[in-house]
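The values are calculated or read from the model by the stated rules, or taken from the named source; none is laboratory data. Computed from a predicted structure; not experimentally measured. FYI the Cβ positions are ideal-geometry reconstructions off the backbone, even for glycines, and counts take in every protein chain you see. SASA here: full protein model, heavy atoms, side chains in, ligands and nucleic acids out. Shrake-Rupley method; radii C 1.70, N 1.55, O 1.52, S 1.80 Å.
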Amino acid sequence: VQLQASGGGLVQTGGSLTLSCVISGATFSDYGMAWFRQGPGKEREFVATISRRGSFTNYAEAVKGRFTISRDNNKNTVFLRMNNLAPEDSADYYCAADSRGSALPRASAYEYWGQGTLVTVSS
């Protein structure tokens, strides 16, 4: 199982970005998916998660109302739309997959991880 994240970049405060993560080597619709992030000098933290069919989503308080997680099971892809970005959102963003299909807000629930995609928000 491989996850490939993309879409990071440099954006100004208040701007938007959409991250994508494509999974291969697995039946995507069986997997709960999530995004985590790790800023400079910080621990990895939960951002958002989505259930196998997309009927359930959960967000960290810091991103509620600004970020939206979604998935396209036909394209084996999970997305993270990020609006109204702030400097404190700057981090490496990681997608993660759980073969048990859970949508839990903790890193230990996810067996597979993509490489990080860097988001930098300038003030």
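What the table shows:
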item: Solvent-accessible area, 1.4 Å probe, carbon plus sulfur percent, for the chain; result: 45
item: Ordering of 83-91, 99-107 by packing [mean C-beta count within 10 Å, highest first]; result: 83-91, 99-107
item: 5 Å-binned pair-distance histogram of the chain (Cα, whole percent); result: 2, 13, 24, 26, 19, 10, 4, 1, 0
item: Computed over the chain: relative contact order in percent, which uses C-alpha pairs under 8 Å that are six or more apart; result: 37
item: Pairs of Cα atoms farther than 16 Å apart, region 58-104, %; result: 48
item: Full-extension gain in nm, N84 to A62, via 0.36 nm per residue minus C-alpha separation; result: 6.7 nm
item: Per residue, in Å², the accessible surface of the chain once ligands and nucleic acids are set aside, probe 1.4 Å; result: 49
